[in-house]
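Comments concern the structure below.
The values are calculated or read from the model by the stated rules, or taken from the named source; none is laboratory data. The model shown is predicted, which means the values in this text are computed figures rather than measured ones. Ideal geometry is used to build each Cβ from the backbone, glycine not excepted, and the neighbour counts take in all protein chains shown. Surface areas here come from the heavy atoms of the whole protein model, side chains and all, with no ligands, DNA or RNA. Shrake-Rupley method; radii C 1.70, N 1.55, O 1.52, S 1.80 Å.
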2 protein chains.
Amino acid sequence: MKKVSITIKEIARQLGISKSTVSRALRDSSEISEETKQKVIDLAEELNYYPNPIAISLLKNRTQTIGVIVPDIANRFYSSAIGGVEDIAYSRGYHTMIYQSHELLERERSATRHIASRRVDGLVVAISSQSENIDHFASLQEQGIPVVFFDRVSDAMNSHKVRVDDYRGAFDATEHLIKRGCKRIAHIAGPKPVSITRFRLEGYKDALRKHGIEFQEEWVLHSEITQAGGTERTYQLMALRERPDAIFGASDRITMGIHSALRQLGYRMPDDVAVVGFCDLAMSSLLDPPVSSVTQPSFEMGQQAASLLLDLIESKNTPAEFETRVLQSNLVINKSSMRH
Amino acid sequence: MKKVSITIKEIARQLGISKSTVSRALRDSSEISEETKQKVIDLAEELNYYPNPIAISLLKNRTQTIGVIVPDIANRFYSSAIGGVEDIAYSRGYHTMIYQSHELLERERSATRHIASRRVDGLVVAISSQSENIDHFASLQEQGIPVVFFDRVSDAMNSHKVRVDDYRGAFDATEHLIKRGCKRIAHIAGPKPVSITRFRLEGYKDALRKHGIEFQEEWVLHSEITQAGGTERTYQLMALRERPDAIFGASDRITMGIHSALRQLGYRMPDDVAVVGFCDLAMSSLLDPPVSSVTQPSFEMGQQAASLLLDLIESKNTPAEFETRVLQSNLVINKSSMRH
DNA sequence: CTGAAAGCGCTTACAG
DNA sequence: CTGAAAGCGCTTACAG
């Protein structure tokens, strides 16, 4: 199939003037007479002319497009963050291209290659859990394509970062369980290489320490960010000689796994085992019992990351200092942890 | 920030040959000597040269990119379908751009404008429930940008379509409820303008008819495709003097609403009310009780739509005839409808 | 086998 | 106020 489009040349031909004049008239240059301007604009309208953005990209080496890479768009946290990115990008005249890494380093690399070669103007990314090496992002930045991290950030690279106060969120969740009378609080954490796993683990440990509960090595298990992972680790925890009386899950998928495992094993929540997760609300309220959770301002994270990125894109030089924004999470208490 | 890239010109300069020769060598033209070719390829490698796809797009009026518009990427059905589209597109050397309409005609129009102006090569789309008018898609097709519909298709436009056998799915679900002894089977349907709403409604009616159950106007309610919609309509159904003993929900969101409303109102599933929905499996098995559902081959739908689209893009002319592919759905029976 | 030239659709100094 | 020319990075007939 063939595409035909109206060009500036065609307008010039029909009006018997030069392409330069048409171009100037269309961008409302002050050096063109009102009369010519009007003729050009009218004809452009009539012919349904739209400038070819590809030609402009070639000229300016800019595409007015930003990329977003997330592990998985089906995850509500990320789809909502993408909503926030789109919101800001749209209002500032940019388009958003969405990529999924599926937690694979190779897919992430392929996306950055596409971004570089298609001259995407910048990138917002939540790093794949598999990516211990992040040279591909550093290389993008060296090529002059700014990168802003959100949610999953990395210390290995200097750039703007937007994350949630994972430490605080985990601390609050753990302390809440302690105040509800739980004594043996287990934690199913995310994959070790991920930065947020560390922050959350610290928050958990510090809450225990504050309340004089001794930390037990065997109460912390690492898991993939999947429901199956949560289920398996729950089996392992409940098989312990000293069973936990509470489990704190590090992500919504993991928490779904904890929940279904506990139900399947015949435990009652919260009386046998209290549960708190890092979840999205819509999800947690559907379960029976509804799950208490640390909720994150995902939409706002997307907005902030996008706006930091656009500032970078539109400024001439690298900023003197990169910024890390830490947003607050919110503990929502539901039946799964409401012990009497 | 400034981007610098190696061009063909730079390679030509360093090697003291012409741009034309470099270009030919890189595309392995048979008219270039092996020796020159090797020199060019080696230097390109060394300089880390990548051709500028924007320049090629300008030349060919092709971008090797297809668009996908879905109502909502957070919906598992759509995110999985997008996975199928990406799968095929990737293997055939295309990139995928994802747009969300959020069920708004205006957002859908804005996406098609972007697609046209950025010279995206083609579009796969599930129409927004709000879009009774689909001129924006027709206009894309007239501009030579082929459009393939999936899931939400329209009779108002002639093009390839991929949908699920909604009639059969609804028929099977309803017949299953009848065989389990349900006599008063309600149906919470989707928005009226959507094609699949009609197909599913027909399947439901025909199953009743086949088994000699008289169709009751008040047993069918239309709802938005949201959980809140399902909840509201369930209140309305259960408030009827003659309560239904089964509810068949037209989408996963609606079915989640039915489920939570019934539980909240104190009904037991399946004994008081049996429930079947059009759902995604991962979702339905998390609920208590797990929900029986008509599952759809979403990934495969995406694959088929993408491959029909790429065929259109790569063929010179419009095909003599457009094709509608109808895939089979699958009824998975769970506790919510297992009456004794 | 290689190069000079034209052209994809646009913008923008440079002349007039 | 308007136009001719150069150029963004590439490809490809046309010459030689």
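Tabulated values for the structure
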quantity: For B:94-106, mean number of other protein chain Cβ atoms within 10 Å; calculated: 3
quantity: Within segment B:224-258, GluC sites (Glu not before Pro) in DSSP loop having at most 15 other beta-carbon neighbours inside 10 Å; calculated: B:242
quantity: Cα shape, segment B:198-247, gyration tensor, a/c 1.5 rule; calculated: oblate
quantity: Chain B: antiparallel DSSP beta bridges as a percent of all, rounded to 5; calculated: 10
quantity: Stokes-Einstein diffusion coefficient of the protein assembly as shown, Kirkwood radius over Cα pairs, 25 °C, 0.890 mPa s, in µm²/s; calculated: 88
quantity: Loop sites in segment A:46-132: GluC sites (Glu not before Pro), DSSP, at most 16 other Cβ within 10 Å; calculated: A:132
quantity: Whole-Å semi-axes of the ellipsoid equivalent to segment B:209-340 (Cα gyration tensor, √5λ, descending); calculated: 36, 17, 14
quantity: Most positive-pole-ward Cα, A:49, A:319, A:191, against dipole of the protein assembly as shown from beta carbon charges; calculated: A:49
quantity: Position residue A:93, label points 7 Å along Cα→Cβ, spacing to each other copy in nm (shortest first, one decimal); calculated: 3.5
quantity: Global form of segment B:214-280, assessed from the alpha-carbon gyration tensor, a/c cut-off 1.5; calculated: rounded
quantity: For residue A:235, inter-copy label distances in nm, listed shortest first [label point 7 Å out on the Cα-Cβ vector]; calculated: 4.3
quantity: Fraction of antiparallel bridges per DSSP, the protein assembly as shown only, in percent to nearest 5; calculated: 10
quantity: Whole-number percent relative contact order across segment A:75-181, with pairs defined as alpha carbons under 8 Å at least 6 apart; calculated: 17
quantity: Cα pair count fraction exceeding 18 Å, expressed as % - segment B:8-51; calculated: 11
quantity: Accessible area of chain B belonging to carbon and sulfur atoms, whole % at 1.4 Å probe; calculated: 47
quantity: 15 Å beta-carbon shell around residue B:228, net charge (K/R +1, D/E -1); calculated: -3
quantity: For the protein assembly as shown: accessible area per residue (Å², 1.4 Å); calculated: 44
quantity: Prolate/oblate/rounded call for chain A, Cα gyration tensor, a/c under 1.5 rounded; calculated: prolate
quantity: Accessible surface buried upon A-B contact (total; probe 1.4 Å; Å², nearest 100); calculated: 5000
quantity: Net dipole in debye of the protein assembly as shown [+1 Lys, Arg Cβ; -1 Asp, Glu Cβ; about Cα centre; nearest 20]; calculated: 120
quantity: Low-density loop positions, GluC sites (Glu not before Pro), segment A:246-340 - DSSP coil, at most 15 other Cβ in 10 Å; calculated: A:321, A:323
quantity: Simple Cβ-charge dipole of segment B:8-51, Lys/Arg +1 and Asp/Glu -1, about Cα centre, in debye nearest 20; calculated: 260
quantity: Computed [θ] at 222 nm, deg cm²/dmol, chain B (DSSP H ≥ 4; -39,500 (n - 2.57); rounded to nearest 500); calculated: -14000 deg cm²/dmol
quantity: Burial order of peptide ranges B:5-11, B:186-192, B:125-131, B:33-39 (average beta-carbon count within 10 Å, highest first); calculated: B:125-131, B:186-192, B:5-11, B:33-39
